[in-house]
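> I'd like to ask you about the structure that follows.
Computed from the coordinates by the stated procedures, all read-outs in this text should not be read as laboratory data. Predicted model, so just to flag it, every value in this text is computed and none were measured. Virtual Cβ from ideal backbone geometry, glycine too; neighbours counted across all protein chains shown.
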Amino acid sequence: MTTRSEMKTDVASLSHARARQSRREGRLVLALLGALVLVAALSLAVGAYSLSVPDLLRTLTGQGTQSENFIVLSLRLPRLTLAVLVGVAFAISGALFQTVLRNPLASPDIIGVTGGASAAAVFGMLILGFGSVATSLAACAGASIVACAIYLLAWRGGVVGYRFVLIGVGVAFMVQGLLGYLLSRADLNDAQGALLWLVGSVSGAGWRDIALVAVVLLALLPVIRVLSGRLRVLQLGDDLATSLGVGAERTRLALLVVAVALAASATAAVGPLAFVAFVAAPIARRLLGTGGLALIPAALIGALITTVADFTAQHLLPGQLELPAGIITGAIGAPYLLWLLATSNTTGKGA
Amino acid sequence: MTRALERPAPAAPAPASVHPRRVVIGFIMALVLLGLSIAASLLVGTREISPVTLWSALVNPHRALTDHTVILDLRVPRTVVGLLAGLALGLAGALMQGVTRNPLADPGLLGVNAGASLFVVAGIAWFGVTSSLGYVWFAFAGAAVAATIVYLIGSLGHEGATPVKLALAGTALTAAFTSLITIVLLADSEAFDRYRFWAAGSLVARGLDAALPLAPFILVGTVLAIVAARMLNALALGDDLARGLGQNLVTARIVCAVAIVLLCGSATAMAGPIVFVGLAVPHVARWITGPDYRLIIVFSAFFGPTLLVTADVLGRIVAQPGEIEAGLVVAFLGAPVLIALVRRVKLAGL
C-alpha cells in the first residue's frame, strides 16, 4: 500500500541520501588529499640523502642549500609531479572509458588503446631508432590510430558499448602479437630497453614530459567538466538523453576522444603504467559505495597509486636495483584485477 | 503417457539436421585444403623446391642433397608442429565454445594460453626448464589455473557468461598474466631472450624432437574431444534440458576441461601462445555443419591444422627473404574474423 505520504518520505529520504552521499564524497576527497600530501612529502624528503621536515619546507620555499636544492627541486620534485599528473590522467581516462562503455573492465589498458601506444613506441624505438621525444609522439599517434580504428570498426549506425569493447579486445590481441614480433627481432639489449619502457617508469622525469601531460590535462579539464554533466544524463538511456537535448552519440564520441588523449599523453610520458587506468575508478566507487562517476576521487586515487608505487619501487624493496614503478602497479594491479573479476564482474552489459 | 515417460532418454539429441550433401562436400573440401596446405608448407620457402624433388626426398631420401635435408630437417618438422598445434587449438576452441555456450570462446582470447605462458616463464626463469617435455607440465598447470578462473567468472552473475563478459575477462586475465610475465623477465635477461622467440608463436623454434613427445597428450585430448562431442550437443540445449536428457553436467564439464587443458597446454608449450585459431576454426566448421558438435569437432580437427600451416606458409611468402611467425599471421588473419563476428547484428549465444 503505497500512500502519498510514503512517496513524500521517499523523496525526502532520497534527497537526504543524496546530501549524505555528497558529504561522504567530500570527506573522501579530503582524506585522499591528506594521504597524497603525506606521500608527496615522503617522496621529496626520503632517499639516499634524507631531509627533515623543516629542511624540506625551507628548500621548497627556495631557501635550501645548493645540494638540497638540486636533490629536491631538480631530482625528486619533477619525478613526483610527473607521477601525480600521469596518475590523474590515467585514472580519469579509465573512469571515462568504463562509464561510457558501461563496463567496469573496459579501460584503455585492456581494450588495446594503451597497447597501440606501446606498439607504436616500441616500433619507433627498435626499428626507427627514435629518441625520447619521437617515441612519445609515436606513442600518442599509436593510441589515436588504434582508438580511431576501434571506433570506426565498431560503428554501425551508432557505437554500442559492447561492440566497441569486443573489437578493442581483438585489436589488443593483434597489437600484442605485433609487440612480440618486434621484441623477437631486435638486439637483446634494445629489446630489454623496450621491455623496461613497456613496464612504465617515472624515473628520469623531465620538465618536457611534465609539460606535455600538464598541458593536456589543463586543456581538457573544463571539457571534462562539461561533458561529465552530460554523461550523467546519458546514463538515463539514449532516448531520454536525446529528449533532454543531449546528443548521445556525439557526447560519447567527445568523451572517448578526451579519454584517449589523456591515456595517450600519459603513456607517451611514462610508458603504459600497468593497471592504473583500470583500478582507480573501481576503487573510488567502492570507497564511495556508489555507482556514480566520482571523477575527482578517482583522479586522486590514481595519483596516490602512482606516487606510492614509485616510492615503493625506489625505497621499500630490497636490493640495490631501482625498479620501475610499473612493476609495483603491475604486481598489485594484476591480482586485484583477478579478484575484481572473480567477485564483481556481474554488470557487464552486452549481447 | 506413462510409457513415454518410461522410455529411456536419448543419450544425445540429434540437432536440427543439415543437408548431408553440404557436409560431404565440405568434408572433401576440408581434406583437399589440408592436403594443399601441407604440400605448400613443404614446397614454399626461400629455397625453391619442385614437387618431383619433394617426392624423391620423402620416398628415397639422400642426406647428401641439400634440397632433401632442407625438406627433412626444416620443412617436415615445422609442418608437423603446425599440424599438431593447429589440431589442438582448433579442437580446444570448439570445446570451449561448446562448454561455455559462447561464440567468442578461444584459448587465446580467454587467457588460457596466457596462463600457460606465465607458468612456462616461471619454469624457465626459476626452475631452469629447457626441454619442451619440461615446459609442458608448467603449461598444463597454467592452462588449468587460467581455465578455472575464467570458468568461475563465467558462472557468476545472474545473466551468466555473456560473450562480452567472458571475452573481457579473458583479455583482462591476459593483461594480468602478461604484466606478471614482464616482471619475471625484467630480472632475468637470459629467460627473456628465450621467452621472446617462443612467445612470437613460431613453428620452427624447437624442432621435431621437442614437438613429438607432446603428441601423446594431444592424442588423448583429441580422443576426449570426440567423446565430449555428444555431451556438448546436450549442453547446447541448456542446463535444465541437458539434465532432463540424462546428461551428467559435471562429468561433461570435467571431460571438456581436461581435454581443453591438455590441448591448450601442449599447443602452447609447442608453439607459444597463439590466438584466434580456436576462435575462427569452429565458426567455419559450424557454417558448414550446422549446430551438431559431433561434426563441428571433426571439421575443427581438419580446419585447425589447415589454418595454422597456411598461416605459416603465408608468413614465409609475405616477408621474403625473412619470415613472419605463424602466430602473428594468425593474429592478423583472426582479428578480422572476430571483428566480423562482433559486427553481426546480435551475438546469439550458442
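> Per the Kirkwood formula on distinct C-alpha pairs, the Rh of region A:169-307 is how many angstrom? List each step's numbers first, then the result.
Numbers: mean 1/r = 0.0572 Å⁻¹.
About 17.5 Å for region A:169-307.
> Would you calculate, for the protein assembly as shown, the mean residue ellipticity at 222 nm contributed by helices, counting each DSSP H stretch of 4 or more residues as -39,500 (n - 2.57) and dividing by all residues, to the nearest 500?
-24500 deg cm²/dmol
> What is the packing order of peptides A:104-112, A:296-304, taking the mean over residues of other C-beta atoms within 10 Å and listing the highest first?
A:104-112, A:296-304
> For region B:81-343, what class follows from the C-alpha gyration tensor (a ≥ b ≥ c being the square roots of its eigenvalues): rounded when a/c is under 1.5, otherwise prolate if a/b is larger than b/c, else oblate?
Cα axes put region B:81-343 in the prolate bin.
> Continuing with the same structure: What whole number of Å gives the distance from the Cα centroid of region B:27-87 to the Cα centroid of region B:208-237?
For region B:208-237 versus region B:27-87, the Cα centre distance is 25 Å.
> What order do you get for B:256-269, B:227-240 when each peptide is scored by the mean count of other beta carbon atoms within 10 Å, highest first?
Ranked by mean Cβ neighbours within 10 Å, highest first: B:256-269, B:227-240.
> Can you tell me the Rg and Dmax of chain A, counting just the alpha carbons, in angstroms?
My reading of the Cα-based Rg and Dmax gives 21.6, 77 Å.
> Determine the principal axes of the Cα atoms in region B:222-283, then give the extent along each, sorted from largest to smallest and rounded to whole angstroms.
Per principal axis, max minus min of the Cα coordinates gives 41, 22, 15 Å.
> In addition: Find how many whole Å separate the alpha carbon centroid of region B:280-319 from the alpha carbon centroid of region A:92-116.
32 Å
> Convert each backbone phi in region B:228-238 into a coupling constant with the Karplus relation 6.51 cos²θ - 1.76 cosθ + 1.60 (shift: θ = phi - 60°), then list the ³J(HN,Hα) values in order as whole Hz, x for Gly and Pro.
6, 4, 4, 4, 5, 4, 5, 4, 4, 7, x
> Next question. In terms of modelled amide H atoms, which long-range or inter-chain residues lie less than 5 Å from the amide H of B:Leu109?
Here the answer is B:Phe276, since their amide H atoms fall under 5 Å of that of B:Leu109.
> So what is the relative contact order for chain A, in percent, with contacts set as C-alpha pairs under 8 Å and at least six apart? Before the final figure, lay out the partial values.
Numbers: 480 pairs, mean separation 100.7, N = 351.
It rounds to 29 percent for chain A.
> Right, here's the next one. Per the Cauchy relation, a quarter of the hull surface: what is the mean projected area of the convex hull of the alpha carbons in the protein assembly as shown, in nm²?
38.6 nm²
> Give the share of C-alpha pairs in each 10 angstrom bin for region A:121-249, from 0 to the last occupied bin, in whole percents, shortest bins first.
In order of increasing distance, the bins hold 10, 27, 31, 21, 9, 1 percent.
> Shielding of B:184-196 by partners, i.e. mean partner chain Cβ atoms within 10 Å per residue? The partial results should precede the final answer.
Details: counts 0, 4, 10, 4, 0, 5, 1, 0, 5, 4, 0, 3, 12.
Per-residue shielding by partner chains comes out at 4.
> While we're here: May I ask for the net charge around A:Trp197, where only other residues with Cβ less than 14 Å from the Cβ of A:Trp197 are counted and Lys, Arg are +1 while Asp, Glu are -1?
Neighbourhood net charge equals -2.
> Evaluate peptide A:273-279: per residue, the Cβ atoms of other protein chains within 10 Å of its Cβ; return the mean as an integer. Please list the in-between numbers first.
Values: counts 0, 7, 4, 0, 0, 3, 0.
Taking all residues of A:273-279 together, the mean is 2.
> For region A:169-217 and region B:108-149, what is the centre-to-centre distance using only Cα atoms, to the nearest Å?
First find each Cα centre; the distance between them is then 25 Å.
> Further, regarding this structure: In angstroms, what radius of gyration and Dmax does region A:179-256 have, counting Cα atoms only?
Here Rg and the maximum Cα pair distance are 20.5, 58 Å.
> If you plug each phi of region A:250-256 into the Karplus form 6.51 cos²θ - 1.76 cosθ + 1.60 with θ = phi - 60°, what whole-Hz ³J(HN,Hα) values come out, in order, with x for Gly and Pro?
With the stated coefficients, region A:250-256 comes to 5, 4, 4, 4, 4, 5, 5 Hz.
> Just want to confirm a number: the relative contact order over chain B, from Cα pairs under 8 angstrom separated by 6+ residues, in percent.
Reported relative contact order: 31 percent.
> Moving on. Using the Cβ atoms and a cut-off under 11 Å, what net charge is assigned to the surroundings of A:Asp310, where Lys and Arg are +1 and Asp and Glu are -1?
It works out to a net charge of +1.
> Measuring from a point 7 Å past the Cα of B:Asp209 along Cα-to-C-beta, which residues in region B:119-139 have an amide N at less than 18 Å?
Under cut-off, by backbone N: B:129-136.
> Let me ask you something else. How would you rank A:205-216, A:185-196, A:59-70, highest first, on the average number of other Cβ atoms within 10 Å across their residues?
Packing order, densest peptide first, comes out as A:205-216, A:185-196, A:59-70.
> Related question: Output the relative contact order of region B:218-311, whole-number percent, from Cα pairs under 8 angstrom with separation of 6+ residues.
The value is 32 percent.
> What are the radius of gyration and Dmax of region B:42-142, computed over its Cα atoms and given in Å?
For region B:42-142, the Cα radius of gyration and maximum Cα-Cα distance read 18.8, 54 Å.
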